[in-house]
Amino acid sequence: MKNSVQKFGKFLSAMVMPNIGALIAFGFLAALFIDTGWIPNEGFNSMVGPMLTYLIPVLIASTGGRMIGGDRGRVVGAIAVIGAIMSNTSITMLMAAMVIGPLAGFCIKKFDEAMEGHMPAGFEMLINNFSAGIIGMLLAMLGYLVIGPVMSGILGIMSAGVNVLVERELLPLVAVFIEPAKVLFLNNAINHGIFTPIATAQAAEAGKSIMYMLEPNPGPGLGVLLAYMFFCKDKTTKDSAPGAVIIHLLGGIHEIYFPYILMNPLVIVAPIVGSIVGIFWFNMTGCGLVGPASPGSIIAYMMMTPGPDMLKVIVGVILSAGVSFAIASVLVKMAGGKSLEEAQSEMAAMKAQAKGETVVPGTIEKSSEIKKIIFACDAGMGSSAMGATKFRNRIKANRPDITVTNTSVDNIPADCDIAVVQTTLADRARKSAPQAQLITIGNFLADPALDALYVQLTTGDAPAAPAGENTDIVIPDVPVKKQVIIADGVHLGRKPVSKEEAIQAAGEMLAKLGYVDETYIDAMQEREKLVSTYIGMGVAIPHGTTQAKGTVKKTGIVFFQYPEGVDFGAEKAQLVFGIAGIGDEHLDLLSKLCTLLEDPARLETLKTTDDVDWVLEQLS
């Protein structure tokens, strides 16, 4: 039942989200040019009504039709919704569009299936055009007689219910449902599948609506992130919070704070109470937005705020953030030392176990053949865009041949090689892109699976399944708590040598310190012939082939510094890390080294320092 509700809500939001631009255009026109706007203008104001009455419902219905019936469904959906619109032009038929659009797509899809193999040669275009027109006409008549009036009645009942909550000052209680649902990644479904139709109808009458403010308020999530930034005991999580604050508050990607709550579920109390306080303030002061604030950033929130409400809205956001911060601070300080990465890994592991899957890393045989990576989220506009941008910038120096972009989880393209999605969207991603490898993550900002993917694509070692296998890849973050590097394994100020000599020296030192057998050295040289272990930035990380895993005795690292550089082909490496790992621990070592070396200052110091103790401190 729960999954059905989630899928239904996500389907509704998927019809609305691609058309948010039209709602924002309507909001701007209303805010600026209606009689009570910033700069009233009769001519520009004349566009507001038709845009709301006709354009937006047609866009939503055509999107719903396309989701079910492709391009023909898009056309039939647009035709059909006109009947619903004309049944009552005094209200906005968003809900009717959400019903009749998918219905149109379903009807034309079933017609096409029935005609498959039975269409006379030479009559294809005639039948296709007439079938779309006739089915569209019949559905438009159905919309005029039945769907439009029914949806008008439902919208009236819902609006009356909201008015009762507002009048009795009970509206703040909806926060009890909003915040937990958001953390389960139903934020877009709630905002655009439920609140937006009600808000749009209210805005058409009153010029603004408080319903636009409920879900996208950035205050509650901001309070949670600030609490982690100041009071979290785990350093990694604490250090990640400032970046998350910027992305959440200015970028409007609320998904960024969901894992911070999932790692300590009791913290959900903080955004719930913060949201209650904010909604109470907005209701008491008569605030409202003129259009949807999407994404939910403070910038979008302010841009959709009418001039007279500006100060009141700012105060409401600050109150929400302040209350959420005060409560979350206490809960975060009381919480245990679980890290963000551990929470993400546990969440992925639990999901895999519930499905009866084995949580093990696999292998991509030829990472050089990976050409397109898609980051996919529910709507394809928020967290996935941020994740794709961050990963694209991270990998472009080493793999400029790879295209990294984002889309909605239901529209992953057929030429996608790797799809990166949140754990909760894995099932939908499999259906959308059965040909792609699937990597599930908890957080687009910082996730061990993304570190491992980076290692895979730059070194050829990959915890993922062979291309074409529909496998949910879950990469646990295995903390390296054992001593993997000692003073005898650090060698600074070495004279330049050939690439082969540098790899030989690293292999011999690994063997001397008891990490590997002597045969592992030949496997390191063989590995270099297959795929270069130079990863850029003056760093090489030579290691053995997969077949040599049996010769590893214990996990360890050796470090060689060549200030003048070792020629690894196109560039020189000043830092050479020889690594060996039991089982798949070398993947974790690669991931942690790559993360460590992303700090430019630390990287440059490692290339020139003569302080062995400092190097050990950085690498231990």
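The values are calculated or read from the model by the stated rules, or taken from the named source; none is laboratory data. What you see is a predicted model, and the numbers here were worked out from it, not measured in a lab. Neighbour counts are summed over all protein chains in view; Cβ atoms, including those assigned to glycine, are modelled from backbone coordinates with ideal geometry.
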Wholly within region 232-343, which helices (runs of 4 or more DSSP H) include no fewer than the required count, namely at least 1 residues that are closer than 15 Å to PRO216 by Cα and of a type in the set (A, V, I, L, M)? 235-249, 269-285, 298-303, 310-334
Checked pairs for region 544-572, first within 20 Å of GLY514 (Cβ to Cβ) and among the basic types (Lys, Arg), second loosely packed, with under 15 Cβ neighbours inside 10 Å and modelled with pLDDT of 85 or more, C-beta under 8 Å and 6 or more apart or across chains, list as LYS553/GLY514; LYS554/GLY514
Quick check, is LEU214 without any contact (Cβ under 8 Å) to a residue 40 or more places away in the chain, in contact with a Phe, Trp or Tyr (Cβ under 7 Å, 6 or more places away or on another chain) and closer than 25 Å to PHE280 by Cβ? no
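A quick yes/no check of all residues on (1) within 23 Å of ALA449 (Cα to Cα); (2) among the acidic types (Asp, Glu):
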residue	(1), (2)
GLU501	no, yes
TYR520	no, no
THR533	yes, no
THR545	yes, no
GLY550	no, no
Residue that is surrounded by the most Cβ atoms within 10 Å (Cβ to Cβ), among those in region 64-83 that are closer than 21 Å to ILE20 by Cβ and either touching a residue at least 60 places away in the same chain (Cβ under 8 Å) or more than 31 Å from the chain's Cα centre (by Cα) (or both): VAL81
Scanning region 21-53 for residues that are under 32 Å from the mean Cα position of the chain (by Cα) and at pLDDT 85 or above gives MET51
Quick test for you: out of GLY77, GLY105, GLY69, GLY117, pick the one residue that is at positive phi and of a type outside the set (Phe, Trp, Tyr). GLY117
For residues in region 506-550 being in a loop (DSSP other than H, G, I, E, B) and among the charged types (D, E, K, R), which is surrounded by the fewest Cβ atoms within 10 Å (Cβ to Cβ)? GLU518
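Yes/no per residue for (1) touching a residue at least 12 places away in the same chain (Cβ under 8 Å); (2) farther than 22 Å from GLY64 by Cα:
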{"site": "ASN88", "(1), (2)": "yes, no"}
{"site": "MET125", "(1), (2)": "no, yes"}
{"site": "ASN129", "(1), (2)": "no, no"}
{"site": "LEU138", "(1), (2)": "no, no"}
{"site": "TYR144", "(1), (2)": "yes, no"}
{"site": "LEU165", "(1), (2)": "no, yes"}
{"site": "LEU171", "(1), (2)": "yes, yes"}
Confirm whether ILE157 is touching a residue at least 24 places away in the same chain (Cβ under 8 Å) and of a type outside the set (Phe, Trp, Tyr). no
